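Step one of this worksheet: look at the structure below.
The values are calculated or read from the model by the stated rules, or taken from the named source; none is laboratory data. Small disclaimer: the values here were computed from a predicted structure and weren't measured. Here the Cβ positions follow ideal geometry from the backbone for every residue, glycine too, while neighbour counts run over all protein chains shown.
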Amino acid sequence: MPTSPSILQRLFQGVETALLRHGTEPRTILFLALFSVLDGFLPMLPAEMFVLALCILQPQKGKRIVLVFALASALSAFLLALGMGTLTASADSLSQKLMGSQGPQVLATLRDWGPVSMVFFSVFPDSPRSSIALFALSGVSAESIGAMVFIGKLMLYAVLLFLIHHLPSRVGRWRGAGPFWVRWLQRRASRFVAYCRRIRWRAWCLNQRMAPAQGS
């Protein structure tokens, strides 16, 4: 007997359907960017999925999408760091209990290198919640954390936009023999391009089905 989908699965399917159906509308960019601010607090749909789909469905607004979502990630990090920063005093006492005399030195190191390393952590997909909390507790300002997350996410989203625009025209030229790592990259690039085409196709099919219903 087939099991019914869970609440999270239904939520994911609903968000995916709404994204494909309304992904070509300009107002969807701001709405999803504001929604993605919650990703810093709850493990929801990552903002990278929204950026990828919107850049595919609205390629002419790619730069605006990248900038808006990078700002949303920075705002999310700033709010999380601001909340965690109120616990700085208790973090000092906790570090002394866990690490003894080395506790203050560890926190000082995080304060010195935290903002720079946040760029590295932010380049990876998903929100660097643990790093944000750790650096905020060590005393790194919420403004610095937000700025570094903005830079890291801007780099990540810019790379996604570059791949969406340039990979389709290059994949065909790369096919053929070559070292193992070249063939590995070719397969990954081909899958990425196919995934982008699938998103466009699914959005088109969904809008085609919705059109008769709206006309009637």
Q: Write out, first by first residue and then by second, each pair whose Cβ atoms fall under 8 Å of each other, whose residues are 6+ apart or on separate chains, and whose first residue, in the range 191-206, is more than 18 Å from residue 168 (Cα to Cα) while the second is in a helix (DSSP H, G or I) and not aliphatic (A, V, I, L, M).
A: 203/21; 206/17; 206/21
Q: Could you pull out the residue among 38, 67, 42 that is surrounded by fewer than 18 Cβ atoms within 10 Å (Cβ to Cβ), under 14 Å from the mean Cα position of the chain (by Cα) and modelled with pLDDT of 90 or more?
A: 67
Q | Condition broken by residue 201, with the remaining ones in (1) surrounded by 15 or more Cβ atoms within 10 Å (Cβ to Cβ); (2) over 20 Å from the mean Cα position of the chain (by Cα); (3) modelled with pLDDT of 85 or more satisfied | A | (1)
Q | Those residues of the range 16-33 which are more than 16 Å from residue 52 (Cβ to Cβ) and part of a helix (DSSP H, G or I), in sequence order | A | 17, 21, 27, 30, 31
(Q) Taking the criterion of being surrounded by 15 or more Cβ atoms within 10 Å (Cβ to Cβ), out of contact with any Pro (no Cβ under 9 Å at 6 or more places or on another chain) and outside any helix (DSSP H, G or I), would at least one residue in the range 137-156 satisfy it? (A) yes
